[in-house]
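Engineer: The structure under discussion is supplied below as structure tokens; questions concerning it will follow.
The values are calculated or read from the model by the stated rules, or taken from the named source; none is laboratory data. Being a predicted model, the structure only gives us computed values, none of them experimental. Virtual Cβ from ideal backbone geometry, glycine too; neighbours counted across all protein chains shown.
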């Protein structure tokens, strides 16, 4: 993500970037530190006082809350690490009077309103964080073209730092963890619907990013996302597992057909590889095993709606 941002990001190519590791784990390898320095990326490492540190997506919440406290920038943008910038993301900005922008990419885990299987779960979530479900505005998803209660993909978004959105998003997320609620569709992965709910709860002025600014790919839904004209217009690809060796030839050909200059650059780099030393890999496997056990125990204690 960082290399592509610096190379293809246009006016955002030299934007200040902070990479955050807010929980316990092996230290960064020397070559990783060198790469961050070469790319002019600040690395912020700390262990957050996180009672649910085994849940991976909470890293995002603590990372953003920490950056929100130390940054002086009027805007803060979140970019997941599994992104590929293919062209200048010219819509990744806030107009005067706007507080937040993200893409309503798809409706997995969203609710279309009364009668939807997810509606009761959403109603309970809203009760936990303190907002009436009827107060939520509506968006239209890009993939399904469905009208749903406010719901965004949280892999790419931008917001006004002065709103304190990240602090409230973190607080709401911890409330929902404490409530031990899970859904039949997304289980205990609720960071995305809580993002939109928090935006509405805070009364923020918001807008939608186009699909081109958070276009998902991956090996599992290849026939769904490989629409050449849409992929050709994509400026931020959310590639998920598409750049690992098993799918690399297919992904590279897709890029060659739609973004030939980016494909040539990618071919010179090659697919993603895990270059961590053996001790670090073994340590990470042990951590993953322990965290998955805690996650399973937590899920078993939840009420599923």
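Engineer: Testing residue 280 on (1) out of contact with any helix residue (DSSP H, G or I) (no Cβ under 8 Å at 6 or more places or on another chain); (2) farther than 30 Å from residue 178 by Cα; (3) without any contact (Cβ under 8 Å) to a residue 12 or more places away in the chain, one condition comes back false. Which one is that?
Structural biologist: All conditions pass for residue 280, except number (3).
Engineer: Okay, next question. Quick one: would you say residue 222 is out of contact with any strand residue (DSSP E or B) (no Cβ under 9 Å at 6 or more places or on another chain), surrounded by fewer than 17 Cβ atoms within 10 Å (Cβ to Cβ), closer than 22 Å to residue 236 by Cβ and at pLDDT below 95? Lay out the reasoning, then the answer.
Structural biologist: On the way: out of contact with any strand residue (DSSP E or B) (no Cβ under 9 Å at 6 or more places or on another chain): yes; surrounded by fewer than 17 Cβ atoms within 10 Å (Cβ to Cβ): yes; closer than 22 Å to residue 236 by Cβ: yes; at pLDDT below 95: yes.
Taking the combined requirement at face value, the residue satisfies it.
Engineer: Sort out which residues of region 93-134 are out of contact with any strand residue (DSSP E or B) (no Cβ under 8 Å at 6 or more places or on another chain) and surrounded by fewer than 13 Cβ atoms within 10 Å (Cβ to Cβ), and write them in order of number. Quick ask: steps written out before the conclusion?
Structural biologist: Just the residues of region 93-134 that are out of contact with any strand residue (DSSP E or B) (no Cβ under 8 Å at 6 or more places or on another chain), to begin with: 96-97, 108, 114-117, 119-120, 123, 126-127, 129-132, 134.
Listed by number, the residues that qualify are 96, 97, 114, 115, 117, 130, 132, 134.
Engineer: Output the number of the condition that residue 76 fails; it satisfies all remaining conditions of (1) in contact with a helix residue (DSSP H, G or I) (Cβ under 8 Å, 6 or more places away or on another chain); (2) closer than 17 Å to residue 236 by Cβ; (3) outside any strand (DSSP E or B).
Structural biologist: Just one mismatch for residue 76, condition (3).
Engineer: Testing residue 242 on (1) outside any helix (DSSP H, G or I); (2) in contact (Cβ under 8 Å) with a residue 60 or more places away in the chain, one condition comes back false. Which one is that?
Structural biologist: Only one criterion is unmet by residue 242, namely (2).
Engineer: Would you check if there is a residue in region 122-129 being outside any strand (DSSP E or B) and out of contact with any helix residue (DSSP H, G or I) (no Cβ under 9 Å at 6 or more places or on another chain)?
Structural biologist: Looking only at region 122-129, we keep the residues that are outside any strand (DSSP E or B), and these are 122-129.
Filter once more, so that each one left must be out of contact with any helix residue (DSSP H, G or I) (no Cβ under 9 Å at 6 or more places or on another chain): none.
No, there is no match, as no residue in region 122-129 is outside any strand (DSSP E or B) and out of contact with any helix residue (DSSP H, G or I) (no Cβ under 9 Å at 6 or more places or on another chain).
Engineer: Would it be correct to say that residue 75 is surrounded by 14 or more Cβ atoms within 10 Å (Cβ to Cβ) and more than 24 Å from residue 291 (Cβ to Cβ)? Working first, answer last.
Structural biologist: On the way: surrounded by 14 or more Cβ atoms within 10 Å (Cβ to Cβ): yes; more than 24 Å from residue 291 (Cβ to Cβ): yes.
For residue 75, the condition - surrounded by 14 or more Cβ atoms within 10 Å (Cβ to Cβ) and more than 24 Å from residue 291 (Cβ to Cβ) - is met.
Engineer: If we keep just the residues of region 171-211 that are at pLDDT below 95 and part of a loop (DSSP other than H, G, I, E, B), which is surrounded by the most Cβ atoms within 10 Å (Cβ to Cβ)?
Structural biologist: 190
Engineer: Oh, and also: Can you name every residue in region 217-227 that is outside any loop (DSSP other than H, G, I, E, B) and either without any contact (Cβ under 8 Å) to a residue 12 or more places away in the chain or touching a helix residue (DSSP H, G or I) at 6+ places or on another chain (Cβ under 6 Å) (or both)? Steps first, answer last, please.
Structural biologist: Step one: list which residues in region 217-227 are outside any loop (DSSP other than H, G, I, E, B), which gives 222-225.
Correct list: 223, 225.
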